[in-house]
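Here is the structure we will look at.
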Amino acid sequence: MDYINAERTIKRILLTQTTSTALQKIVDVLYDSFEKYNWIGIYFVKGNELVLGPWKGKQATEHTTISLGMGICGAAAKTGKIELVDNVSKDRRYLSCFLSTRSEIVVPIKRMNVVVGEIDIDSDRSAAFDKNDTAFLEKVADMLSQHI
Ligand code: SME
């Protein structure tokens, strides 16, 4: 699926489903639509931590809670800025989940400028994410912000 169709599908899911069903379905759509998205999770900010919500991938992660500021996920939550890491082995902040992961993108979900969650995607390809992914995932994060 391309970005435009995936965006449409996600919009439709948010209009027609309850939040908890919608979030899992959206994670599934992202996983099924883009081959290079090998693990997708939505984390929620709860106090000083990120707590893993719906996810899809071949394996579960041991990082189901992450302190704000820890890892690439915690950095994005703390600063409210997208983290795009082309080569995770070169990033000292990286918390390893899967041996196969080469690159990662983390997109904060904000409501009224406050980070309430984030979309975390791991890829088995190096430098898998480009400006199209960034723009698309920012739109998805915007759509999700009213539902978290
Ligand atoms: N790699 C992340 C941890 C979460 S897993 O990728 C699922 C990080 O460095 O914060």
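The values are calculated or read from the model by the stated rules, or taken from the named source; none is laboratory data. Everything numeric in this text was worked out from a predicted model, so none of it was measured. Every residue, glycine among them, receives a Cβ derived from its backbone with ideal geometry; neighbour counts consider all protein chains shown. Please note that ligands, DNA and RNA were not included when accessible areas were found on the heavy atoms of the full protein model with its side chains. Shrake-Rupley method; radii C 1.70, N 1.55, O 1.52, S 1.80 Å.
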TODO: Just one of (1) out of contact with any helix residue (DSSP H, G or I) (no Cβ under 7 Å at 6 or more places or on another chain); (2) more than 14 Å from the ligand (Cβ to nearest atom); (3) aromatic (F, W, Y) trips up F136, so point out which.
DONE: (1)
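Residue by residue, here is whether (1) near the ligand (Cβ under 8 Å from one of its atoms); (2) in contact with a strand residue (DSSP E or B) (Cβ under 8 Å, 6 or more places away or on another chain); (3) closer than 16 Å to V27 by Cα holds:
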residue	(1), (2), (3)
G71	yes, no, no
L84	no, yes, no
L99	no, no, no
I105	no, yes, yes
K110	no, yes, no
V114	no, no, no
S123	no, yes, yes
A127	no, yes, no
Open item on the list: Any residue at all in the stretch 71-85 that's in contact (Cβ under 8 Å) with a residue 60 or more places away in the chain and touching a Phe, Trp or Tyr at 6+ places or on another chain (Cβ under 6 Å)?
Closed with: no
TODO: Working only within the stretch 123-144, note down all residues that are among the hydroxyl-bearing types (S, T, Y) and either surrounded by 17 or more Cβ atoms within 10 Å (Cβ to Cβ) or in contact with a Ser or Thr (Cβ under 9 Å, 6 or more places away or on another chain) (or both).
DONE: S123, S126
Open item on the list: Go through (1) within 13 Å of the chain's Cα centre (by Cα); (2) over 28 Å from M1 (Cβ atoms); (3) β-branched (V, I, T) for T79 and report which single condition fails.
Closed with: (1)
Task: Tally, over the stretch 25-83, of residues that are of a type in the set (S, T, Y) and open to solvent by 60 Å² or more (accessible area, probe 1.4 Å) - done: 3
Task: Count of the stretch 119-143 residues which are assigned to a loop (DSSP other than H, G, I, E, B) and free of Cβ contacts under 8 Å to residues at least 12 places away in the same chain - done: 1
Task: Those residues of the stretch 95-109 which are more than 14 Å from N38 (Cβ to Cβ) and buried (at least 17 other Cβ atoms within 10 Å of the Cβ), in sequence order - done: V106, V107, P108, I109
